[in-house]
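Chemist: Mind having a look at this structure? Questions to follow.
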């Protein structure tokens, strides 16, 4: 069963599945596994310290796969220049660049005319329209169910995806609350032409930088075990519920500002949780799909299972249509 969409054709992938940028986690091992399994794997650029490190990660990917991959630039929360990192990706002629957070215009201007495919993550219809005007090849629409940074309006994937599909002519990729074949088929039914999965790829064998305690926290999570922090800063983001994130919510009630919150929401606090497994002394991003994660498969097993489940749904829909006729 083929899964051709404008996204698979644009990116040169077999299946309409894209791995999220995953700050501090999305490096060569994970990217290679996803791309080799037929999706689009990604490297997270701005979690690296130097342009040389990014160049080395790109080389590692190319040593292990000849399939397309992407480099993600999360620029919204950056307090350092990103242009040099973008130029490194351009110099290396990476197939795909994705942009999350912030104004994507500087990145899209740099990539114009290079042949690199560009994809911009958005959380509102107006953002998607702007990305299209700036020349993005596709947009990723993230609903409030997603892990990490989300939109300010709390609009869910089920409502936001068709809104954006109807507002732009470029392909739309759905993200937020998707981690299996059911979610993928729901997204396609809404008009999306691929899905991005972030949290689900953390709980895989090839996400080697994620501490076992982080993966176990995802396995243990239930419906109410994520919450949204940083609302008071205008940068809402969904994380796993623990004493640390509950403390952040408590502090935010008084609107203390960035300086007070910084020690709690810093990259160091994030890394203590995800790298060292200090689950009470830091935080880990996690989307609502964590309530549906029950195992830690290989990336290949996860993608094959997702496609198999989606194919079963397609066949059931086709059979039902024939019977109704």
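Chemist: Quick check: residue separation of residue 316 and residue 103 times 0.36 nm, minus the Cα distance between them. What number comes out in nm?
Modeler: Gain on extension, residue 316 to residue 103, equals 72.5 nm.
Chemist: Report, for the chain, the % of DSSP beta bridges that are antiparallel, rounded to 5.
Modeler: Details: 7 of 35 bridges.
Counting only bridges with both partners in the chain, antiparallel ones make up about 20 percent.
Chemist: Hey, any idea what the orientation-averaged projected area of the convex hull of the range 153-230's Cα atoms comes to, in nm²? Walk me through the numbers before you get to the answer.
Modeler: Details: hull surface 26.8 nm².
Quarter of the Cα hull surface area: 6.7 nm².
Chemist: Based only on other Cβ atoms within 10 Å, what is the fewest-to-most ordering of 279, 18?
Modeler: 279, 18
Chemist: Multiplying the sequence separation of residue 205 and residue 294 by 0.36 nm and subtracting their Cα-Cα distance, what value in nm do you get?
Modeler: Details: separation 89, 0.36 × 89 = 32.04 nm, distance 1.34 nm.
Taking 0.36 nm per residue and subtracting the Cα distance, the gain is 30.7 nm.
Chemist: Continuing with the same structure: Which whole-number percent is the relative contact order of the range 1-87 (Cα, under 8 Å, 6+ apart)?
Modeler: Across the range 1-87, relative contact order equals 28 percent.
Chemist: Cα centroids of the range 134-200 and the range 224-255: how far apart, whole angstrom?
Modeler: 23 Å
Chemist: Using the beta-carbon distance between residue 309 and residue 129 and R0 = 41 Å, what value does 1/(1 + (r/R0)^6) give for FRET efficiency, to the nearest 0.05? Walk me through the intermediate numbers first.
Modeler: Details: r = 33 Å, r/R0 = 0.80.
Between residue 309 and residue 129 the formula returns 0.80.
Chemist: Something else now. So what is the orientation-averaged projected area of the range 212-289, using the convex hull of its C-alpha atoms, in nm²? Intermediate values should be presented prior to the final figure.
Modeler: Numbers: hull surface 18.7 nm².
If you wrap the Cα atoms of the range 212-289 in a convex hull and average its projections, you get 4.7 nm².
Chemist: What FRET efficiency would be calculated for the residue pair residue 87, residue 235, taking the C-beta separation as r and a Förster radius of 25 Å, to the nearest 0.05? Provide the component values of the computation, followed by the final result.
Modeler: Working: r = 26 Å, r/R0 = 1.05.
That gives a FRET efficiency of 0.45.
A short reminder: the numbers here are calculations on the coordinates, not readings from a lab. Being a predicted model, the structure only gives us computed values, none of them experimental. In this analysis, Cβ positions are derived from the backbone assuming ideal geometry, glycine residues included, and neighbour counts consider all displayed protein chains.
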